[in-house]
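Scroll down for the structure; my scribbles are underneath it.
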Amino acid sequence: MDVSRRTFIKTTLIGGAGVTVFGFSLAPVYAQTQGLKIARTTETRSTCPYCSVSCGVIIHTLGDKAKNVTPQVVHVEGDPDHPINRGTLCPKGASLHQDILNERRLTKPQVRRPGSDRWEDISWDQAIDEIARLVKKTRDETFIEKLPNGKLVNMTPAIFGLGGATLDGEFNHMCQKFWRGLGVVAIENQARI
């Protein structure tokens, strides 16, 4: 009997009885290795950061919880107790583990100055100060108190506010209040895009 690699794997791991043409099954070994992968991990429930569905995920981290030790993410799976996705994840959600551990992931603010061809790292304090300064400058330069017909509007058409779908309702409500307080009229939420 001719057995290809694909047939061998399909019958041992996916097949109903898990019995191969050689008379043994790798299904119990496969199940045990999956259990060992997360045996000593800490489960943290979270929300998938991608689309507006807000699927529940369980992030498994391994670390001894010492003061100066950063836990290492070893596995991400759908939360079976979550009412939205009931343990299932789309391909983007299933790839969260690779996104978290990506060595190219940005972990500090960067800025590309006007006319520059490269990004430079800046501190969080510097980033917040620059954003606040530019928002104030833009608002001051574009603020419209009244329309030509005399109607009071108190708005700035030059700033856009975008809420995130993975943020909770209270945080998005706070963002709305902040943007409206600045006079921003172009406000949207990721859930609607």
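The values are calculated or read from the model by the stated rules, or taken from the named source; none is laboratory data. Nothing here was measured: the structure is a model prediction, and the numbers come from that model. Glycine gets a Cβ as well: all are built from the backbone with ideal geometry, and neighbour counts include every protein chain shown. Just so you know, the surface numbers come from the protein's heavy atoms only, side chains and all, with ligands and any DNA or RNA stripped out. Shrake-Rupley method; radii C 1.70, N 1.55, O 1.52, S 1.80 Å.
I'd like the carbon and sulfur percentage of the solvent accessible area for the range 70-144, probe radius 1.4 Å, heavy atoms only, ligands and nucleic acids excluded.
Its accessible area is 53 percent carbon and sulfur atoms.
Under 5 Å between amide H atoms, partner at least 5 residues away or on a different chain: which partners does G163 have, H built in plane at 1.01 Å?
Amide H neighbours of G163: E188, N189, Q190.
If I model a spin label at R45 and H173 as a point 7 Å from the Cα along the Cα→Cβ vector, what separation in nanometres do I get?
A separation of 2.1 nm, rounded to one decimal place.
Within straight cross-link reach of K108, meaning Cα distance under 12 Å, which aspartates and glutamates are found once same-chain residues fewer than 8 apart are removed?
Cα-Cα hits under 12 Å: E120, D121, D125.
Quick check: pseudo-label points 7 Å beyond the Cα along Cα→Cβ at E188 and S95, how many nm apart are they?
Output for this residue pair reads 2.3 nm.
Kindly report the accessible area of the range 48-169 per residue (heavy atoms of protein chains, probe 1.4 Å, no ligands, DNA or RNA), in Å².
72
Once amide H atoms are placed 1.01 Å from N in the peptide plane, what residues at a sequence separation of 5 or more from H82, or on another chain, have their amide H within under 5 Å of its amide H?
Answer set, sorted by chain and number: G87.
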